[in-house]
1. With (1) surrounded by 16 or more Cβ atoms within 10 Å (Cβ to Cβ); (2) within 26 Å of Asn194 (Cβ to Cβ); (3) touching a residue at least 60 places away in the same chain (Cβ under 8 Å); (4) aromatic (Phe, Trp, Tyr) as the list, and Tyr134 as the residue in question, which single condition is left unmet?
2. Tally up the residues in region 218-234 that are under 17 Å from Gly147 (Cβ atoms), modelled with pLDDT under 90 and touching a Leu at 6+ places or on another chain (Cβ under 9 Å), please.
3. Any residue that is surrounded by 16 or more Cβ atoms within 10 Å (Cβ to Cβ) and either of a type in the set (Val, Ile, Thr) or over 21 Å from the mean Cα position of the chain (by Cα) (or both) - is there at least one of those in region 197-210?
4. Mind checking which residues of region 146-163 are loosely packed, with under 13 Cβ neighbours inside 10 Å and in a strand (DSSP E or B)?
5. Just checking, how many residues over region 34-82 are in a loop (DSSP other than H, G, I, E, B) and among the acidic types (Asp, Glu)?
6. Just to verify a result, which residue in region 70-122, among those that are out of contact with any Pro (no Cβ under 7 Å at 6 or more places or on another chain) and hydroxyl-bearing (Ser, Thr, Tyr), is surrounded by the most Cβ atoms within 10 Å (Cβ to Cβ)?
Amino acid sequence: MAYTWTILVALLCVNSVLSKRCDLKDSDCLTRWANMLYPAFIKGSTTIKSSDPIHNDIVEAELPTFKYSLRNAELTGMKDCRVAELEYNENSMTYKYFVQCPHIKITADHEAKGDLLGFMVDIKGKLTINGDDYKYNFSGKVETTTGADGKKYIQLITHEVEAGANGKLELDFKNDYDASSSDFTIIQKFLNENWKDMDDKLRKPTVDGFMNIFLDNLNAYFKGYPFEPFVPDD
């Protein structure tokens, strides 16, 4: 018994030497810690849903001159992302959580109708969106609680998300009404050439739908993981 206790104490001592606890004001240290957790969070578990892929049964958007819906939508590529920045302000109980992705992909069954960047659109079919160097920048309020184990746990209780491609966004949509229409070909070419304007106009409902699920999964993960940021002591 004494031998076992000696080994345990030795292991704890080694761990304390090899790792350090982050100062909660140290964004660089918190970001390193967040990246250490990210793969396990994305993978999920028996009690936490995977965040790659993310499934969303339906997204509906009604904009001033245009409306669209996505059904059976799926977002992939989140497992290859990294946490670009994590900030935590203990005084204001706010956070910033920036995620950078080399490539994301959305597939869905879609319907769209209305005036889109000067084109009258009326389409229905399969949609694929590929985005390069895509960002999801979250900010909002947090709350902390003390668990039965005496440790601090954190939850993200509000969020705003700023998203967009720093690289390029490409759309490939099929039109069940008339896939061979020259007008349809012109519209698709125009939208891909003007992808940034199109993305700015349309992305919010889709991004919000997927990222609400992403943050629900993240909060589920944090419920079982204490907010005690440790990183290797280089």
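The values are calculated or read from the model by the stated rules, or taken from the named source; none is laboratory data. Computed from a predicted model, the values in this text were never measured in an experiment. When we count neighbours, we look across all protein chains shown, and the Cβ atoms used for this are built from the backbone with ideal geometry, even at glycine.
1. For Tyr134, the failing item is (3).
2. Adding up the residues that qualify gives 2.
3. Checked region 197-210: at least one residue is surrounded by 16 or more Cβ atoms within 10 Å (Cβ to Cβ) and either of a type in the set (Val, Ile, Thr) or over 21 Å from the mean Cα position of the chain (by Cα) (or both).
4. Once the filter is applied, which keeps residues that are loosely packed, with under 13 Cβ neighbours inside 10 Å and in a strand (DSSP E or B), region 146-163 yields Thr146, Lys152, Glu160, Glu162.
5. Keep residues of region 34-82 that are in a loop (DSSP other than H, G, I, E, B), which gives 44-53, 63-65, 77, 81.
Subsequent filtering for residues that are among the acidic types (Asp, Glu) retains 52.
Result for region 34-82: 1.
6. Out of the qualifying residues, it is Tyr97.
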